[in-house]
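Below is one structure; the comments refer to it alone.
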Amino acid sequence: MNGTCFSAETTRAEALKHLVEKFRCAELEDPGREARLALCAAARLPPAALIAAPEAPLGAAAARLEGFATRRVSGEPLSKIVGRREFWGLALTVSRDVLDPRPETETLVEAARALFADRRLDQLRVLDLGVGSGALLCALLHEFVNARGLGVDVSAAAAEVARRNVAACGFADRAEIRVGSWADGVPGPFDLIVSNPPYIPTADIEVLSREVRDFDPRLALDGGIDGLAAYRIILPAAARLIAPDGLLLVEAGAGQAGAVMAIAAKAGFLELSTDRDLAGVERVVAARSPRTVGGCHLEGGVGLERVSAHE
Ligand SMILES: C[S@@+](CC[C@H](N)C(=O)[O-])C[C@H]1O[C@@H](n2cnc3c(N)ncnc32)[C@H](O)[C@@H]1O
């Protein structure tokens, strides 16, 4: 189905049918879902409107939909086309400057909830290294309602997207986003340090799907020769910044969890464990602070003072 598919007179129902067919021919994984999302975004409609008024004509949305469909079948992810992505139930803005937040990264948020179940109301100090869109930081601030967070990214453009998302989620007064390289110049301590660093071995980037290779920023993907370069910087820095009783959670690529645990152990972290994602991949490495358990270790910092709701 080539050429123009949609005109101002095309009804929403006809457009949806065309679009599902077009996406099916392009072998998209879930053509029905993507077609509905694309149509709603182009027509600026809530999903219910497709059911409530299927015979309404597209009008001015026709040209937008045509553009969306062409870009999608040529390999651009829908999230980057419509500029939106849902993560942990939060509607986030995404752009070409940030990694498209992945469902498997929600495994890290689940691990934080489980391992810090008794600290849900604490005024935790959270550090997210490589904050990107802010997906992880926003999800953690959503779950830990009294937490305050610092997100760092070396990309100023990514940091700007994170700031927008933090504000849109209502967390502007509990979060700070900085531009910088990993933990350089970041004063601790932090109760929860998280990171989903770039972990693709450089040579593997060329064989990634086009959606990832051409539309996620290289800075968000390239983990150096063996994919582990960022962990060798982040984990020793995190060991210095983490508070007593603190928790470290990092995402790892498929097959990397063992190597990441070894780096964490060398940095002094204790009680190493992993969590699997829905595909069964060991996706998250968790570890406890190398510092003495108990007591409160405050060294100034970024205004993220720890006050326990249980104290
Ligand atoms: C895989 S993305 C993760 C983004 C986001 N946290 C998420 O989970 O969707 C890695 C992020 O690390 C950032 N990054 C790469 N090198 C960095 C560095 N030296 N210092 C800080 N951030 C860096 C990239 O710009 C990118 O936003």
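Some points to look at:
- Residues in the range 222-246 reached by a label modelled at T202 [backbone nitrogen below 19 Å; 7 Å Cα→Cβ]: 222-234
- Rounded to 10°, Cα long-axis angle of helix 106-115 versus longest principal axis of the chain: 30 degrees
- Cα gyration tensor category, rounded, prolate or oblate, for the range 71-125 with a/c compared to 1.5: prolate
- Using distinct alpha-carbon pairs, which all enter the 1/r mean, Kirkwood radius of the range 12-74 in Å: 11.4 Å
- Relative contact order of the chain, defined on C-alpha pairs under 8 angstrom at six or more residues apart (%): 16 percent
- Neighbour counting of Cβ atoms within 10 Å sorts the residues S209, S95, S181, S79, fewest neighbours leading, into S209, S181, S95, S79.
- Spatial separation of Cα centroids for the range 164-218 and the range 18-70, in angstrom: 31 Å
- Computed FRET value (nearest 0.05) for T93 with A49, which takes r as the C-beta separation and R₀ as 25 Å: 0.70
- Between the Cα long axis of helix 257-266 and the first principal axis of the chain there is an angle of about 30°, rounded to the nearest 10.
- Rounded tilt (10° steps) of 12-25 against the dominant C-alpha axis of the chain: 70 degrees
- The alpha-carbon atoms of the chain define a convex hull whose volume equals 133 cubic angstrom per residue.
- Straight-line reach from K22: taking Cα to Cα under 17 Å and skipping same-chain neighbours fewer than 8 places apart, the aspartates and glutamates in range are E14, D30, E34, E66, E76.
- Potential extension, R178-A13 segment - 0.36 nm per residue separation minus Cα distance: 54.9 nm
Quick note: the coordinates plus some simple rules give every number you see, no bench work behind them. These numbers were taken from a predicted model, which means no experiment stands behind them. So basically every Cβ, Gly included, is an ideal-geometry build from the backbone, and we count neighbours across all protein chains shown.
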